[in-house]
1. Mind checking the dipole of the stretch 64-154: about its Cα centre, +1 per Lys or Arg Cβ, -1 per Asp or Glu Cβ, Debye to the nearest 20?
2. Starting from the 7 Å offset along Cα-to-Cβ, what nm value, one decimal, do you get for the label separation of Ser40 and Ser117?
3. Please compute the modelled spin-label separation between Asn136 and Asp71, points set 7 Å along Cα→Cβ, answer in nm with one decimal.
4. Quick one: dipole size for the chain, taken about the Cα centre, charges +1 on Lys/Arg Cβ and -1 on Asp/Glu Cβ, in debye to the nearest 20.
5. On C-alpha positions alone, give me the angle between the axis of helix 2-27 and the longest principal axis of the chain, in degrees, nearest 10.
6. Helix-only mean residue ellipticity at 222 nm, the chain, DSSP H runs n ≥ 4 weighted -39,500 (n - 2.57), per residue, nearest 500. What is it?
7. For Lys29 and Tyr59, compute 0.36 nm times the residue count separating them, minus their Cα-Cα distance, and round to one decimal in nm.
8. Test of understanding: ordering Thr158, Thr179 by Cβ neighbours within 10 Å, fewest first, what list do you get?
Amino acid sequence: MKQAKWYFLFLFIAFSMQLVAQKKANNKKGFENLFGTNLSNAIYNPAIWKDSTGVLTAYKDECIWSKDEYDDFILDLDFQTADGTNSGVIVHATEIVEWIPHSVEIQIADDYSKEWSKADPTWQCAAIFGHKAATNKSLKPAGEWNHYTITCKGKMITIVLNGTKVNECNMDDYTSSKTNPDGTKIPSWLSNPMSTLPLHGHVGLQGKHAGAPIYFKNVKIKSLS
């Protein structure tokens, strides 16, 4: 009888694990690698960006871009900071050379570092850079993997960090290139109001900025269009 109980317990556990795995697989349906296999669908400098054992990193401050352009989408990725990292995820980029005024950047920063812990909140991690600070952050320290889910649907951008919704903005609310709706100043290099930015564009990752490295893996996208 004991053997039978253990057998059924084993079957129950195995079945439960299978259901969990299936649920995870279903949740990932429709996602594809943003940059394709071996960066085959990326615009990048191979002397700067390297994909080693599934971890993507850069040696200089230069972006890597999707060859494809997107409208509505969900972007799912893992990132790891180092001490002092300053990087970002770039969406709605209509220019990939002079991308800064022609896109929206979701900030990545090591908020535990001396520099970024004291920075303007709109320059800290999970902020819509220069525009809207994140709330209720759940950022992990340098050396640990963090998870972003970024949803761009119409003029809405929603950011989930490590399972917690930490930021959301309506691009239509940002009609000025000088001041945000709350009265805070916008950096001068963000010269185009967010409300005027086209929604069809490339998705990119910023490289080694401010002297500290950044690491990415599992960078996947699901088109909602």
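1. 340
2. 4.6
3. So the label points at Asp71 and Asn136 sit 3.1 nm apart.
4. About 1060 debye.
5. For helix 2-27, the angle is close to 20 degrees.
6. Rounded to the nearest 500, it is -4500 deg cm²/dmol.
7. That pair, Lys29 and Tyr59, stretches by 7.5 nm at full extension.
8. Lowest to highest Cβ neighbour count: Thr179, Thr158.
Readers should treat all values here as calculations from the given coordinates under stated rules, not as data from a laboratory. Only a predicted model underlies this, so the values are computations on that prediction, with no experimental measurement involved. Neighbour counts run over all protein chains shown; Cβ positions are idealised from the backbone, glycine included.
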